[in-house]
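Below: one structure, written as structure tokens.
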Amino acid sequence: MPNTIIIGSGSYIPSKVIGKEHFMDSVFFTDEGDRINKPNEEIFQKFVDITEIEERRYLEDNEFNSDLGYHAAKEAIYDAKIDQEELDYIIYASNFGEVDQNGMTNFMPSMSARVKNKLGIKNRKCINYDMIFGCPGWVEAMILADTLIKAKKAKLILVVGSETLSRVTDPFDRNKMIFADGAGAVVVKATDEENVGIIADSTICDNGVELNYLENSPSLNQDVEQKTLYIRMSGRKIYEYALKNVPIAIKETIDQAGLTIDDIDKILIHQANAKMDYAMISRLHKLYGKTDYSHDIAPMTIQQFGNSSVATIPTMFDLIIKGEMKGQKFKEKGNIVFASVGAGMNINAIVYRFP
């Protein structure tokens, strides 16, 4: 049975840096629809204390999701040194598709088809596939790519995660300060080398009472015309759900790989908010009876880039492997974990071993 290895990566971080000054004139409402009568400086500082997000990146007015995905994909293909016409699949993870400046979403044609077109790929046998799976979409796309390769349905796959959340946030919701735009991509390839690449994975889908922890809802400001739906999240419920379930899911995946936490060099966890990520990594170590650990095991980009959903993990992977994250590097032939949680609620994890 073939294994799945990453042979190239790319990312696209929009150039527009959004700091606190962008939100100083905002009017915020509570989830109950009441105006918040606190200084925006105070609101922002409390937000930073919890999330550590001081900046985030937004796409330009003339850019779209597929543009971000195209740039990341093109870089990954170049890095992989492949002929793009040999790609068997393009799997594109996104949750809102092609969003215009009015917040209208569009999935027809699909995002994977759009990026295939922008790349200029002529191969009619290169299959385009969209993955809509919440923030864990890119990780689940990697799991699907591995399944296709192990089933010998494909040998070479482009996996993209791209999102433009700045266009689907309610201007009256404090949580809009969490979200950002960006894209990351990798090229994966089948190899006959044993015990390398994706050596374990797991996915959990809790779609009962958890279904609407993240959803699309009208504006919190009930006085405006309600023509658009925006991303809405129940922050406390998501935090409690993630802290209870994600560390267990990661441990089960590490166990499945026949490893322990001591064998893991890096954990690339979805950049949701810093407080939640710290808590999940700490809880994971406690499952192994450890209270002390090096925080270098879980790199973070959220402080500068915000939460770009499906793009956070592949972007971080690309930055680290290319030496562009200070103090971070992957160990030769080491083991790393990809893990995410998000809308659904869905959780997934991968243990990846460098060849």
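The values are calculated or read from the model by the stated rules, or taken from the named source; none is laboratory data. Predicted model, so just to flag it, every value in this text is computed and none were measured. Positions of Cβ are generated from backbone atoms using ideal geometry, with glycine treated the same way; all protein chains shown enter the neighbour counts. With ligands, DNA and RNA removed, areas are computed over all heavy atoms of the protein, side chains included. Shrake-Rupley method; radii C 1.70, N 1.55, O 1.52, S 1.80 Å.
The length gained on full extension between K81 and D34, counted as 0.36 nm times the residue separation minus their Cα-Cα distance, comes to 11.4 nm. Among 247-260, 192-205, the peptide with the highest mean count of other Cβ atoms within 10 Å heads the list, and the full ranking is 247-260, 192-205. By the Kirkwood approach, averaging reciprocal distances over each pair of separate Cα atoms, region 212-355 gets a hydrodynamic radius of 16.4 Å. Per residue, the average separation of C-alpha pairs within less than 8 Å and at least 6 apart gives region 1-159 a relative contact order of 28 percent.
Counting only Cα atoms, the size of region 37-117 along its three principal axes is 56, 29, 20 Å, in decreasing order.
Label zone of S15 (point 7 Å out along Cα→Cβ, amide N under 16 Å): in region 72-107 this covers 72. A crude spin-label estimate for the pair N102 and I248, with each label 7 Å from Cα along the Cβ direction, gives 4.6 nm. Okay, helix-only estimate at 222 nm for the chain: each DSSP H run of n ≥ 4 adds -39500 (n - 2.57), divide by all residues, round to 500 deg cm²/dmol; what do you get? Computed mean residue ellipticity for the chain: -9000 deg cm²/dmol.
Rg and Dmax of region 257-307, based on Cα coordinates, read 11.5, 35 Å. Residues within the reach of a label modelled at H295 (point 7 angstrom out along Cα to beta-carbon, backbone nitrogen below 15 Å), restricted to region 314-340, are 327-328. Just check the chain against the gyration tensor rule for me: Cα atoms, a ≥ b ≥ c as the square roots of the eigenvalues, rounded for a/c under 1.5, and otherwise prolate or oblate depending on whether a/b exceeds b/c. Cα axes put the chain in the oblate bin.
Specify the inter-centroid distance of region 171-239 and region 269-292, based on alpha-carbon positions, in whole Å. Rounded to whole Å, the Cα centres lie 19 Å apart. Highest mean first, the peptides 76-82, 318-324, 32-38, 297-303 sorted by other C-beta atoms within 10 Å per residue fall in the order 297-303, 76-82, 318-324, 32-38. Peptide packing for 161-173, 114-126 was compared via the average number of neighbouring C-beta atoms within 10 Å per residue; ordered from the highest value, the list is 161-173, 114-126. Averaged per residue, the chain has 44 square angstrom of accessible surface, using a 1.4 angstrom probe with ligands and nucleic acids left out. Here each label is just a point 7 Å from Cα along the line to Cβ, and for K46 and T147 those points are 4.3 nm apart. Candidate membrane-span-like segments in the chain, meaning DSSP H helices with Cα atoms spread over at least 18 Å of their own axis and a Kyte-Doolittle mean of 0.5 or above, are 137-150, with no membrane implied.
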